[in-house]
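What follows is one structure encoded as structure tokens, with my remarks underneath.
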């Protein structure tokens, strides 16, 4: 069996989808030494370290950071390469597969934000995915989704029959775990430039993440509930929140919000573990990797009820309605005050996070490859 995987999305600093593709590739490398994998990428292989001999990078003569070049390659060059290389199946693990193709295709679709909440999506993504997905996804032999919530959307919005939709929950990198017993937490806080106590958000800074609600909630908690714990926001600025700095300024939160910028994955486990609580007020999620990563590190979690978050986080979080700043303020105050509740959620979170692994995800995806190449 020879399978091609379009990994051109892997470039620069990884976040949600890139981390999902990376996790899949490393999970497959752990479990499968028989299938021949051809991994398409930009000019340079995007993952450090050797892969098993049955995996090979097929580097392309363009910079993968160029979105237009990637789109052109996916719809024109990739189907020709797939045919020339004799692939038995072609997997687009970042939403998109070629519309015109002769090799059986498989797509991973992580959410349908572009149809459900178009105003929360970048204009370029709205144009691209609204044009391509309704044409490419119905032609795929299988569509892999990270949650039952997304499965329902794929059926309802794209009209994909349920028997062709496979739910494969995403995983957690093993490096996300509680710090060892000999960790000097105070020294690590100082090294990372963190406050003694803090609430934490990790993720891209973009409209769908609910950061405006989070900042309004922090202002309410400080003004009305006497909360003195600051907020640390870790992540790269993506798009669409030019007013966030003004909101923080107008709410008098200038000394209560710390932006770290993008944090390398090597530092994230400590960032999670040292927090009083991890707060994830997203407007919509097809899965939600950061709250599961936080749980795996022992952090108690507050999460919204949006999209797949109830399915993925279960009863291991303090749940609040999406967009409800006052409810979120109360949850933050409660969790900072209640040591027993923090310990309870931490213990539940560790158990919940243990349900998810990239190995398990890769096993489910490989089963899809086998089914498709066998003509199912």
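Quick rundown of the values:
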{"item": "Using alpha-carbon coordinates, inclination of helix 148-158 to the longest axis of the chain, degrees", "result": "50 degrees"}
{"item": "In degrees, nearest ten, helix 123-136 long axis to first principal axis of the chain (Cα)", "result": "40 degrees"}
{"item": "Theoretical ellipticity at 222 nm over the chain - DSSP helices of four or more residues, -39500 (n - 2.57) apiece, nearest 500", "result": "-11500 deg cm²/dmol"}
{"item": "Inverse mean reciprocal Cα-Cα distance (Kirkwood Rh) of segment 1-146, Å", "result": "15.6 Å"}
{"item": "Highest average packing first - 172-185, 331-344, Cβ atoms within 10 Å", "result": "331-344, 172-185"}
{"item": "Rel. contact order, % - alpha carbon contacts under 8 angstrom, at least six apart, the chain", "result": "17 percent"}
{"item": "On Cα atoms only, tilt of 211-224 relative to the major axis of the chain in degrees", "result": "10 degrees"}
{"item": "Least to most buried among 143, 157 (fewest other Cβ within 10 Å first)", "result": "157, 143"}
{"item": "Gaussian network model of the chain, springs between alpha carbon atoms under 10 Å - residue of 330, 288, 86 with greatest fluctuation", "result": "86"}
{"item": "Proportion of all alpha-carbon pairs of segment 329-371 beyond 11 Å (%)", "result": "72 percent"}
{"item": "Largest-first principal axis extents, alpha carbons of segment 40-105, Å", "result": "34, 27, 20"}
{"item": "Stokes-Einstein D (µm²/s) once Rh is taken as the Kirkwood radius of segment 74-200 over alpha-carbon pairs, at 4 °C in 1.567 mPa s", "result": "74 µm²/s"}
{"item": "Calculated P(r) tail over 22 Å for segment 254-370, as whole % of Cα pairs", "result": "37 percent"}
{"item": "Neighbour-count ranking [beta-carbon atoms within 10 angstrom, fewest first] of 1, 295", "result": "1, 295"}
{"item": "169, 91 arranged by Cβ crowding within 10 Å, fewest neighbours leading", "result": "169, 91"}
{"item": "Cα-based equivalent ellipsoid of segment 185-353: semi-axis lengths in Å, sorted from largest, via gyration tensor", "result": "20, 18, 17"}
{"item": "Spin-label model distance (nm) - residue 185 vs residue 162, 7 Å beyond Cα toward Cβ", "result": "4.6 nm"}
{"item": "Rg/Rh ratio calculated on Cα atoms of segment 146-247 (Kirkwood radius)", "result": "1.10"}
{"item": "Rg and Dmax [Cα atoms of the chain; Å; Rg one decimal, Dmax integer]", "result": "21.1, 66"}
{"item": "P(r), alpha carbons of segment 1-80 - 5 Å bins starting at zero, rounded %", "result": "3, 15, 27, 26, 18, 9, 2"}
{"item": "Fluctuation leader among 296, 327, 217 - the chain, Gaussian network, Cα springs under 10 angstrom", "result": "327"}
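Laboratory data are not the source of any read-out in this text; all were calculated from the coordinates shown. Here the structure is a predicted model, which is why all the values come from computation and not from measurement. When we count neighbours, we look across all protein chains shown, and the Cβ atoms used for this are built from the backbone with ideal geometry, even at glycine.
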